[in-house]
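In what follows, a structure is listed as structure tokens, so that the remarks can point back to it.
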Amino acid sequence: MAMTLRLNDEQERALAMLAEAQGVSKHEAIVRAISEAAARSVRDERVRALSQDGRTRYASLLDRLAQ
């Protein structure tokens, strides 16, 4: 799918710096950034879910340790 990305001057400079630092085109830098952000979001949600499960599962132990 083709799409247009509109960036302000500061965002354009940041993209150019990112692409140069990674040694890739601006297009590839954008694709990588999207993929990394999506993976990080999924990973963060999984960590939150595991943390909640642990807090629920070990609530009584955590309460005793806090005293």
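Which of the residues spanning region 18-35 are assigned to a helix (DSSP H, G or I) and either touching a helix residue (DSSP H, G or I) at 6+ places or on another chain (Cβ under 8 Å) or over 20 Å from MET1 (Cβ atoms) (or both)?
First pass over region 18-35, keeping only residues assigned to a helix (DSSP H, G or I): 18-22, 26-35.
LEU18, ALA19, GLU20, ALA21, GLN22, LYS26, GLU28, ALA29, ILE30, ARG32, ALA33, listed by residue number.
Provide a single number: the residues in region 1-33 that are modelled with pLDDT of 95 or more, loosely packed, with under 10 Cβ neighbours inside 10 Å and of a type in the set (A, V, I, L, M, F, W, C).
Total meeting the criteria: 1.
Among the residues of region 36-58, which ones are assigned to a helix (DSSP H, G or I), more than 15 Å from the chain's Cα centre (by Cα) and surrounded by 10 or more Cβ atoms within 10 Å (Cβ to Cβ)?
Going through region 36-58, the residues assigned to a helix (DSSP H, G or I) turn out to be 36-57.
Then keep just the ones that are more than 15 Å from the chain's Cα centre (by Cα); that gives 49-57.
Across region 36-58, the qualifying residues are ALA49, LEU50, SER51, GLN52, ASP53, GLY54, ARG55, ARG57.
The values are calculated or read from the model by the stated rules, or taken from the named source; none is laboratory data. These figures come from a predicted structure and were not determined experimentally. Here Cβ is always computed from backbone atoms with ideal geometry, including for glycine, and neighbour counts include all displayed protein chains.
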